[in-house]
Amino acid sequence: MAFRFNSFIGLVLAERLAGPPGPSLFAVLIGVCVPLFNVSAVWPMARHAQRGLLSELARNPLIIATVGGVLFNVAGLTIPLWMEPTVSRLGAASLALGLMAAGVGMQFTALSGAKSLAVALLAIRHFLLPMVAVSVSWALHLSPTQATVLLTFSGLPTASGCYVLATRMGYDGSYVAGLVTLSTLLGMLSLPFALGLLQ
């Protein structure tokens, strides 16, 4: 939850803030981070539930979709032109549908059972990660465009897929749904904060 990110919002912002190179740079972050973060999210839950990691990874729809997309791209395949409008609309609707799914399962009373954990996760996601990102930008002497994309990435709200993953693996979906909702709201503060660090 603390390290997951909403890639749909990120892609839109990357183009708006960094221009044409923005989506390509953000796509590199997605390609590296999505498989790594999904495996990192499944591993502790599978271990806690005493399930096989490989079997859980093989059945995880987020990982299956990611691997399928990578293989599709490596094979040089493209979406037919006649399918592009439909696929684009489905992609645009996925953010709203993910948030609606989290909203249906949300119960803010569930957050009261572990307030310290909620505060810690949201602080990492919305405060610590932007600080780490700006440090990386300075240390690696990133260009303004690269730094803008990285800081945008660091300030994003968490992915609504966290709710789907937690529910599927038998964890407290209502607690995660509350965190996703709060993270989405906090994103309105953390994004300006992260981009303000560029100054």
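The values are calculated or read from the model by the stated rules, or taken from the named source; none is laboratory data. Quick caveat, the model's predicted, so the values are computed rather than measured. We place every Cβ from the backbone using ideal geometry, glycine too, and count neighbours over all the protein chains shown. Each accessible area value is taken on the protein alone, full model and side chains, heavy atoms only, with ligands, DNA and RNA left out. Shrake-Rupley method; radii C 1.70, N 1.55, O 1.52, S 1.80 Å.
Restricting attention to the alpha-carbon atoms of the stretch 19-78, what are Rg (one decimal) and Dmax (integer), both in Å?
Cα-based Rg and Dmax for the stretch 19-78 come out at 14.1, 46 Å.
Give the Rg (one decimal place) followed by the Dmax (whole number) of the chain, computed from C-alpha coordinates and expressed in Å.
17.3, 50
Determine the per residue accessible area of the chain with all protein chains present and a 1.4 angstrom probe, expressed in square angstrom. Each step should come with its number before you reach the end.
On the way: 11210 Å² over 199 residues.
Per-residue accessible area for the chain comes out at 56 Å².
With the dipole of the chain worked out from charges on the C-beta (+1 for Lys and Arg, -1 for Asp and Glu) around the Cα centre, which of N38, G155, F193 lies farthest toward the positive end?
N38
DSSP H helices in the chain with Cα extent of 30 Å or more along the helix axis and mean Kyte-Doolittle hydropathy at least 0.0? Before the final figure, lay out each step's value.
On the way: long enough: 21-48 (41 Å, 1.12); 84-105 (32 Å, 0.95); 173-196 (33 Å, 1.46).
Long hydrophobic helices here: 21-48, 84-105, 173-196.
Using a 1.4 Å probe and ignoring any ligands, DNA or RNA, find the accessible area of S55 and quote it in Å² to the nearest 10.
That residue has around 60 Å² of solvent-accessible surface.
Round to a whole number: what % of the accessible area of the stretch 1-59 belongs to carbon and sulfur, probe 1.4 Å?
Solvent-exposed carbon and sulfur of the stretch 1-59 make up 68 percent of the total.
Please give the Cα centre distance for the stretch 177-198 versus the stretch 132-147, rounded to the nearest Å.
20
Once the mean 1/r over all distinct Cα pairs of the stretch 121-193 is inverted, what Kirkwood radius in angstroms do you read off? Spell out each step's value before the answer.
Numbers: mean 1/r = 0.0765 Å⁻¹.
For the stretch 121-193, inverting the mean 1/r across all distinct Cα pairs yields 13.1 Å.
Tell me, what % of the accessible area of the stretch 137-199 is carbon and sulfur with a 1.4 angstrom probe? If you can, show how the numbers build up before the last one.
Details: 1920 of 2730 Å².
Summing carbon and sulfur atoms, their accessible area is 70 percent of the total for the stretch 137-199.
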